[in-house]
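Below is one structure, written out as structure tokens, with a few remarks after it.
The values are calculated or read from the model by the stated rules, or taken from the named source; none is laboratory data. Keep in mind it's a predicted model, so treat the numbers as computed, not measured. Cβ coordinates were reconstructed from backbone atoms using ideal geometry, including for glycine residues, and neighbour counts include every protein chain displayed. Ligands, DNA and RNA are excluded from the accessible area calculation, which covers all protein heavy atoms including side chains. Shrake-Rupley method; radii C 1.70, N 1.55, O 1.52, S 1.80 Å.
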Amino acid sequence: MQPTHVASLKAPKETLGPLTARKAFDARRAVDDSDILIGDVEAGRSIRADPLVAQHNPPPRLVRSRIEEVVTADHRKNEFLAMLCHELRSPLASIQNAIGVLRTRTGEDLAVQNRMHALIERQVCQMTLLAADLMDVSRITCGRLRLTRERVDLCVVVRDAIETLESDFNRRNHQVTVTWPDAPVWLHADARRLGQLFVNLLANASKYTDAGGVLALSVYTRDRHAVVRIRDSGIGIAHDVLPHIFDIFVQADEAAPRSRSGLGIGLALVRMLTELHGGSVIAASAGLGQGSEFTVRLPRTK
């Protein structure tokens, strides 16, 4: 049995009451073949949709383009939900195993208990950060995230972000070099949100850079803006992905094993937080295997 969708269509001269549309699930084909049959439930008659489409809708090419966008967005949403389940399942399994170990061990195994407690704490922290990023994206999208602005030295914010990820850099044997300006760089900004922005950028650079790779940061001023540039020697970004790298649920190289961790919202959050501060962020890469570069520009205070 084919699925049936009920709707009401209004034309300039009449209203076609409750309607049923068959084959609405195959919207792309319908736009090409004009084979959607619309039934007027009250009048007991059926008409083809193509006259209505031609009279009241944009050109078919534009319709097809919009449908493709909806289909792509729906596909990304499904991939995101699958990735979210994966991201939650892994730490939950670790926590469950740790609890099982704690239950079977006696009170004398203090070293084991400490390891299990540390593991649980790490996994809970991971899930908390995951939930926080999702909530922030939701708040920004709905216009409910408000910045707490104050006089902030950008150098301090970037230095704190580097220290936050220092253990990750050491574990992967990354060489991190930083070029600082000669004087403080003052902004009127939300220090916590700026820190979140740069932690996400640095974590992304580290994630896509192999062990022993190089991360280079530079902080400087240009005209009325403060600039932070982050370069890495990582896997780079494909040319077809680069224009969409800041879109939500998009990852640099979805085929790479390291892309299977994370939800693809980090860079989208970076863009949103940067724009909330009145700034901009751009990405550049010579291609796969050529590393990448992210440049953040923020307005300086007078």
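Given their separation in residues at 0.36 nm each and the Cα-Cα distance between them, ARG151 and GLN113 gain 9.2 nm when the chain is fully extended. Between the range 111-134 and the range 152-230, the C-alpha centres lie 25 angstrom from each other. With a 1.4 Å probe rolled over the protein heavy atoms of all chains, the accessible area of ARG229, ARG139, ARG224, ARG300 falls in the order ARG224, ARG300, ARG139, ARG229, largest first.
Ligands, DNA and RNA are left out, and with a 1.4 angstrom probe the accessible area of the range 157-246 is 50 Å² per residue. Counting protein heavy atoms only, the range 119-236 has 50 percent of its accessible area on carbon and sulfur, 1.4 angstrom probe. Applying 1/(1 + (r/R0)^6) with R0 = 30 Å to the Cβ-Cβ distance of GLN126 and ASP247, what FRET efficiency is obtained, to the nearest 0.05? That pair, GLN126 with ASP247, gives E of 0.80.
Report the one residue of VAL157, LEU145, HIS188 whose Cα lies farthest in the direction of the positive end of the charge dipole of the range 145-216 (charges on C-beta: Lys and Arg +1, Asp and Glu -1; origin at the Cα centre). Most positive-ward Cα: LEU145.
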